[in-house]
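Taking it in order: structure first as structure tokens, then the write-up.
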Amino acid sequence: MTDRGTVRFGDGTQVPSLGQGTWMMGERSSERDKEVEALRAGLDHGLRVIDTAEIYGDGGSEEVVGRAISGRRDEVFLVSKVAPSHASRTGTREACEASLRRLATDHLDLYLLHWRGRHPLAETVAGLTDLVEAGRIRRWGVSNFDVADMEELWRVPGGDACAANQILYNLESRGPEFDLLPWLDQHGVVPMAYSPLGQGGDLLSHAALGEVAARRGVTPAQVALAFTLVRPNVLSIPKASTRRHVDENAAAQGLVLGSEDRAVLDRAFPAPTRKQPLEMI
């Protein structure tokens, strides 16, 4: 059993339920110093899960993360992802080694298949298992897998070692609540919520979030993050590329939504009553 502020992986490892995403970081050299500062500020707040991927900024995001965690690697639960095009058995190992070089570290705490591609799951799982055995990754998982994908993965030799599934989950995208989140919970797989603040700013300008935020004396972004943290054992990874946004995100850890708050949000963003295809961006 975990408390509201932590997530427990199947091997017993616990991390804070609020982490840091890095999508679109490392794309402009002029922004990198600010991005490094923001990630370090997040570590100062105890947001020690940092999520990146080889495709973010063509490796630029991993380079930013590598700078940010320099001298602080022991504080960090480090996550990266292999692109589907690289996810053969050999390609997975080679992609991981390239990520480790950019991150300037000797291991990842979690390595994910970014989404399904042309390579059979059995090949990818074999490559991920090789990396665990070599000590290059501590555990592995997937991203953008729906229930049918997870069930297929479970039929692959070694597939049930999957530790996490990173999915789009926020107030606007509640489809996983119907079947995927219960499946992951039943099988001991940690859901990682990407884009918990929505896309394009539309979510944060919604009147319902404004109403709850005004009543609670917080910001709409903090309300949106608190929603993703209501469900036990969900790891939420908002991106924040400035210190101000990191401070705002970190403060959401202390916000507990009450029944009145939840009623307002549920009316505006109803929970799913039937199966919905898994959304991804």
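List of remarks:
- Residue in region 158-174 that is among the small types (Gly, Ala, Ser), in a helix (DSSP H, G or I), at pLDDT 95 or above and over 24 Å from Thr13 (Cα atoms) present: no
- Within region 88-108, residues that are at pLDDT 95 or above reach partners that are of a type in the set (Asp, Glu) and surrounded by fewer than 15 Cβ atoms within 10 Å (Cβ to Cβ) with beta carbons closer than 8 Å, at six or more positions or on different chains, in the pairs Leu100/Asp106.
One line per residue, one yes/no per condition, for (1) within 21 Å of Val15 (Cβ to Cβ); (2) more than 20 Å from the chain's Cα centre (by Cα); (3) without any contact (Cβ under 8 Å) to a residue 40 or more places away in the chain:
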| residue | (1), (2), (3) |
| --- | --- |
| Arg40 | yes, no, yes |
| Asp51 | yes, no, no |
| Pro120 | no, yes, yes |
| Ala126 | no, yes, yes |
| Asp130 | no, yes, no |
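- Residue in region 27-50 that is surrounded by fewer than 20 Cβ atoms within 10 Å (Cβ to Cβ), of a type in the set (Val, Ile, Thr) and at pLDDT 95 or above present: no
- Within region 93-113, considering residues that are in contact with an Asp or Glu (Cβ under 8 Å, 6 or more places away or on another chain) and not charged (D, E, K, R), the one farthest from Met150 (Cα to Cα): Leu103
- Candidates Val223, Val234, Val230: the one that is more than 24 Å from Leu128 (Cβ to Cβ) and buried (at least 18 other Cβ atoms within 10 Å of the Cβ) is Val223.
- Residue, surrounded by the fewest Cβ atoms within 10 Å (Cβ to Cβ), within region 6-26, restricted to residues that are among the hydroxyl-bearing types (Ser, Thr, Tyr) and not in a strand (DSSP E or B): Thr13
- The single condition among (1) surrounded by fewer than 19 Cβ atoms within 10 Å (Cβ to Cβ); (2) outside any helix (DSSP H, G or I) that Ala122 does not meet is (2).
The values are calculated or read from the model by the stated rules, or taken from the named source; none is laboratory data. Nothing here was measured: the structure is a model prediction, and the numbers come from that model. Positions of Cβ are backbone-derived with ideal geometry, glycine not excepted, and every protein chain shown enters the neighbour counts.
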